[in-house]
Amino acid sequence: MLIWFVVGAVVAVALVFDSPAMDFRLVVLGAVLPVAEGAVGGPWLLHTLLAGVILLAVVMLVARGRRLVQRRWLGVPIGLMAHLVLDGTWSDTDVFWWPFAGLDALGGSRVPEFGRGATGLLLEVVGLVLGVWAWRRFGLDDQGVRRALRTDGRLTALRRA
């Protein structure tokens, strides 16, 4: 289940932040990172709010005084937070608020992405439909816009729309 997270995160971040300087490749990276926890036995740190906050703090501290570096790498924690919203992880109090809601909530179960069955397939279809809309909305039929997205991670059509 990747299309829902990739397209959903890009569209949500593009519409909310309206920043052509955002590196959407890093937003995508942050949005799909928690899916990897499915290979290691359930939701772990990447499904918690704490992980997103720590990652945000790390980016801000490591790149302190280098605004462009901060702006670029903020895409990862923003994408991670978008995943938590798109996944509905926020509705699982024990995992989302770990360790504040208890220490034993992580691991040992399936990640939400793989436990949805038909609903997961429906979300992938919604992601495809949203992707078609985003293709048109962000002018991705223009080769220059696609090149900017591929090479710089930027949606240059944000300012034109």
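Worth pointing out:
- Helix runs (DSSP H) in the chain reaching 24 Å along axis by Cα, Kyte-Doolittle at least 1.0: 118-137
- Placing pseudo-labels 7 Å out from each Cα toward the beta carbon at residue 136 and residue 3 gives an inter-label distance of 1.7 nm.
- Only protein atoms count toward the accessible area here, which uses a 1.4 Å probe; on the stretch 15-61, the carbon and sulfur part of that area reaches 84 percent.
- Extended-chain gain in nm, criterion 0.36 nm per residue less alpha-carbon gap, residue 90 and residue 128: 11.3 nm
- Residues residue 15 and residue 109, FRET efficiency given R0 of 41 Å [Cβ-Cβ distance, rounded to 0.05]: 0.80
- Considering only 25, 147, 72, the Gaussian network model of the chain with Cα springs below 10 Å gives its largest mean-square fluctuation to 147.
- Pairwise FRET efficiency - residue 121 versus residue 70, Cβ, R0 = 41 Å, nearest 0.05: 0.60
- Cut-off 14 Å between beta-carbons: net charge of the residues surrounding residue 26, Lys and Arg +1, Asp and Glu -1: +3
- A 1.4 Å probe run over the protein chains yields, for the stretch 1-78, 48 Å² of accessible area per residue, whole-number rounding.
- Average Cα contact separation per residue, the chain, under 8 Å, 6 or more apart, as relative contact order %: 36 percent
- Cα-based shape type of the stretch 14-66, given that a ≥ b ≥ c are square roots of the gyration tensor eigenvalues and the cut on a/c is 1.5: oblate
- Computed lengthening from residue 147 to residue 63, 0.36 nm per intervening residue step minus Cα-Cα distance: 27.6 nm
The values are calculated or read from the model by the stated rules, or taken from the named source; none is laboratory data. Bear in mind that the values here come from a model prediction, so they are computed numbers and not experimental data. All Cβ positions, even for glycine, are placed from backbone atoms using ideal geometry, and neighbour counts span all protein chains on display. Accessible surface areas use protein heavy atoms only, side chains included; no ligands, DNA or RNA. Shrake-Rupley method; radii C 1.70, N 1.55, O 1.52, S 1.80 Å.
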